[in-house]
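Structure first, commentary second.
The values are calculated or read from the model by the stated rules, or taken from the named source; none is laboratory data. No experiment lies behind these values; they were computed from the predicted model shown. Every residue, glycine as well, gets a Cβ built from its backbone with ideal geometry; the counts of neighbours run over all protein chains shown. Protein only, heavy atoms only, side chains kept; ligands, DNA and RNA dropped before computing areas. Shrake-Rupley method; radii C 1.70, N 1.55, O 1.52, S 1.80 Å.
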Amino acid sequence: MKTLVKNGTIVTSTNEFAADILIEDEKISMIASHIDVEADTVIDAAGKYVLPGGVDNHSHFEALNTDGVTTNAGYDTTWVALKGGTTTIVDFCTNEPGMDMMESLEYRLNVRSKGKLAPDMAIHAVCTDFRGEETLDEIPKLVEAGVPTMKLFLAYKPTPLYMDDYKYLRFLERASQVGMTMMVHAENPDVLDYERNKMAEAGCLDPKYHYMTRPPYGEAEAVARSIKFADAMDCPLCIVHVSCIEAAEVIQEARAKGSLVIGETCPHYLVLDKHKMDDPDFDQAARWVCSPPLRDEEDREYLWKCLNHDWLSIVGSDNSSIPLYQKHWGEGDFRKIPNGCPGAGDRLNALWTYGVEKGKITRQKLVDVYATLPAKLNGIFPQKGTIDIGTDGDLVIFDPEYRGTVTVESNPTGVEYNVYEGCE
Ligand code: URP
Ligand code: ZN
Ligand code: ZN
């Protein structure tokens, strides 16, 4: 089976040039200025950019929600990622009830997602059921099985997602012995309890109190602590979904001092404003409830700058498609709104329109943060994340002239809404 892509401009994280690409049996077999061979499919990419397929470092399909009970939209909706230019998702595997992490991995690959995936999938482990040594002994097995990353939630107390510092240290110690990279959700849980309960006791229960009670100092403190602990255990660390200046500065300083830490941010922190949650209509306000929360204009400006300086290295979607009926569980108490925004299909468009077109990042930087570095972090580079001879034929043919306004119909998410609705 041969596919020929002609007349496009190839963009990688380091390069840009006009060339044709031949794909044979799903692998790139030739890149040259002009390729004239018989092919089963010929695609004319004139006037278009040809990018490596996106690798999304952060998606939650059919994973335990932040309420600790329900799961978000399923693998039958992963086609929205593919439609938005992501050809590989790196999805989180939470513990299935009564199963350890290895059994849960097996179940996710062979039951939950079987026959439903549109993009390819790699996995991050997540421990939501800590059973001491027995759990820690799974870490080398996960690495052996091709899962070199694990996320721990240092927030969401008192759900099963939450891991305290004692457990976090034990995970770090074991992970460092086998070269696993630890990933953390960094918000201080006691700061959250203090701020949230104080507000709720004062009768302030609308969705907007979500962002008012998850302050940057709580995020920055948890980022600093998680790096200190990872340094002490000599374990590589990835801080996911960094939302604000204070937290990003901590990562920047730690990297300058030589800590083995990288940072990820998300399109919604680069594009959307927290005041979305001021909407008096609960249905509108609750859809933007995610953690850490959306922030301010100066945070967005700084996050773009961080990408350019490699103070933050990856942009993952943090896709978490929660239907509105579940968001409604928090009507009357913002603390009960399940956290998370859909976004698997919007990553590339958001980075292009609000990054490349506004002159904030180059096309090479876009490719780096949306495909190349996520592939490297997850051990799937160069098979994924670049365009080269022998790599997978996962390509995005991107039309830079296209203009449109986001609706949930044009940019589907697997649920009834898209958080970028109305954006160019
Ligand atoms: O609000 C968020 N981010 N929901 C998804 C779970 C997580 O913390 O990544
Ligand atoms: Zn998180
Ligand atoms: Zn997440």
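Across segment 155-174, the number of residues qualifying as more than 16 Å from ligand 3 (Cβ to nearest atom) and either aromatic (Phe, Trp, Tyr) or closer than 13 Å to Gly68 by Cβ (or both) comes to 5.
Scanning segment 35-75 for residues that are assigned to a loop (DSSP other than H, G, I, E, B), small (Gly, Ala, Ser) and within 16 Å of ligand 2 (Cβ to nearest atom) yields Ala63, Gly68.
Restricting attention to segment 265-297, report how many residues are within 16 Å of ligand 2 (Cβ to nearest atom) and open to solvent by 50 Å² or more (accessible area, probe 1.4 Å). Final tally of qualifying residues: 0. Each residue in segment 322-343 was checked for being of a type in the set (Gly, Ala, Ser), away from ligand 2 (no atom under 15 Å from the Cβ) and assigned to a loop (DSSP other than H, G, I, E, B), and 1 of them qualify.
Just name the residue that is surrounded by the fewest Cβ atoms within 10 Å (Cβ to Cβ) out of those in segment 102-122 that are in contact with a helix residue (DSSP H, G or I) (Cβ under 7 Å, 6 or more places away or on another chain) and of a type in the set (Gly, Ala, Ser). Here the answer is Ala118.
Applying the criterion of being in a loop (DSSP other than H, G, I, E, B) and among the charged types (D, E, K, R) to the residues of segment 3-34, the residue that is farthest from Phe381 (Cα to Cα) is Asp25. Annotation: Tyr75 fulfils all but one of (1) touching a residue at least 60 places away in the same chain (Cβ under 8 Å); (2) more than 16 Å from ligand 3 (Cβ to nearest atom); the unmet one is (1).
Taken together, the residues in segment 277-309 that are among the charged types (D, E, K, R) and under 26 Å from Phe153 (Cβ atoms) amount to 5. For first residues located in segment 81-101 and farther than 15 Å from Phe130 by Cβ and open to solvent by less than 10 Å² (accessible area, probe 1.4 Å), partners that are in a strand (DSSP E or B) and modelled with pLDDT under 95 and lie 6+ apart or on another chain with Cβ distances below 9 Å form the pairs Phe92/Leu64. Could you list all residues from segment 308-321 that are within 16 Å of ligand 3 (Cβ to nearest atom), of a type in the set (Ser, Thr, Tyr) and assigned to a loop (DSSP other than H, G, I, E, B)? Correct list: Ser317, Ser321. Listed here are the helices (runs of 4 or more DSSP H) enclosed by segment 203-301 that have at least 3 residues being more than 18 Å from the chain's Cα centre (by Cα): 208-212, 216-233, 245-257, 282-286. Is there a residue being in a helix (DSSP H, G or I), under 21 Å from Ile262 (Cα atoms) and away from ligand 1 (no atom under 16 Å from the Cβ) anywhere in segment 146-156? No - not one qualifying residue is present in segment 146-156.
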